[in-house]
Amino acid sequence: MLCTMSVMHHSRILSTSLVRMAALLLLALLCGVAQARHGSRNTSAGVPGQFDYYLLTLSWSPSYCLVHPGDRYQCQGRGFGFVLHGLWPQFDAGGYPQACGAGIELDRAAEAVGRTLYPSPTLMRHEWQRHGTCSGLAPVEYFRTADRALAVLHIPPVFDAPRADQQMPPGAILAAFRAANPQLPDRAMTLACSRGELAEIRVCLTRDLQPRSCGRGVHDSCPSVPVAVRSAR
């Protein structure tokens, strides 16, 4: 009887050990799958200077101001068309790093440059903290890089602060930009829309600011039907 109880006891211990080992093996397998799925973007996320290319993003200010009319810097009688939203480090595999250096503040020289580029100081500081800190550049150099990136893209005349609302198919918007920027390769530019209105254009650039095709995850978000292009106010 005593021998039988001992065998049963050891059998329970063995079963528990096997369950634990199986659980550990399953956990290791899941971690491996997660690493393979995310690749380098998981290990590089949040590290200044570790990214593959830039995404230059320009907002169509009239659409923004319909939702944020109280933004006195950008919206109250400014008459802006396209304005700089940001220059965002990106990963080829998809995704992007963000907030890579929360303790790095803008100095006076950087703010002087940034204020000439962004429509509001609030946006300028937000863009530095969320995206600029991941560039690996000092604040003033990051803003100068954004300035050089802006010079890469020519805005078609049809978007030069129009005074009347328009309805344009997304394909026509892209065609206008391609005509004004024949240097853009295929899949180098995308559109973003919100509530049936043009919200942003986004252009992919190499780290030395040459136009290039976009990586994974950067794609159009506009419907196939014409979208509203609000007049500049």
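Every read-out reported here was derived from the displayed coordinates using simple, explicitly stated rules and does not represent laboratory data. Everything numeric here is computed off the predicted structure, so don't read it as measured data. So basically every Cβ, Gly included, is an ideal-geometry build from the backbone, and we count neighbours across all protein chains shown.
Overview of results
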{"quantity": "Under the Karplus curve 6.51 cos²θ - 1.76 cosθ + 1.60, θ = phi - 60°, whole-Hz ³J(HN,Hα) for segment 84-101, x wherever Gly or Pro sits", "calculated": "5, 8, x, 10, 10, x, 9, 9, 4, 6, x, x, 7, x, 8, 6, 8, x"}
{"quantity": "Whole-number D in µm² s⁻¹ for segment 87-156, Kirkwood Cα-pair radius fed into Stokes-Einstein, 10 °C, 1.306 mPa s", "calculated": "127"}
{"quantity": "Contour minus Cα-Cα distance for R108 and A172 (0.36 nm per residue)", "calculated": "18.9 nm"}
{"quantity": "Shape call, segment 58-124: gyration tensor on alpha carbons, a/c limit 1.5", "calculated": "oblate"}
{"quantity": "When the convex hull of its Cα atoms is projected in every direction, mean area for segment 48-229 (nm²)", "calculated": "10.0"}
{"quantity": "Counting DSSP beta bridges with both ends in segment 48-229, the antiparallel % (nearest 5)", "calculated": "95"}
{"quantity": "Computed magnitude of the charge dipole of segment 48-229 (debye, nearest 20; Cβ of K, R +1, Cβ of D, E -1)", "calculated": "120"}
{"quantity": "Selection from T116, Y73, P170, by position along the positive dipole direction of segment 48-229 (Cβ)", "calculated": "Y73"}
{"quantity": "Neighbour-count ranking [beta-carbon atoms within 10 angstrom, fewest first] of F51, F91", "calculated": "F91, F51"}
{"quantity": "Residue order, fewest to most surrounding Cβ atoms within 10 angstrom, among Y118, Y96, Y73", "calculated": "Y73, Y96, Y118"}
{"quantity": "Residues whose placed amide H lies under 5 Å from that of W88, excluding near-sequence neighbours", "calculated": "L55, L56, T57"}
{"quantity": "Potential lengthening between R78 and R144 on full extension [0.36 nm per residue; Cα-Cα distance subtracted]", "calculated": "21.4 nm"}
{"quantity": "Separation of alpha-carbon centers, segment 64-103 and segment 124-194, rounded to whole Å", "calculated": "11"}
{"quantity": "T145, T133 arranged by Cβ crowding within 10 Å, fewest neighbours leading", "calculated": "T145, T133"}
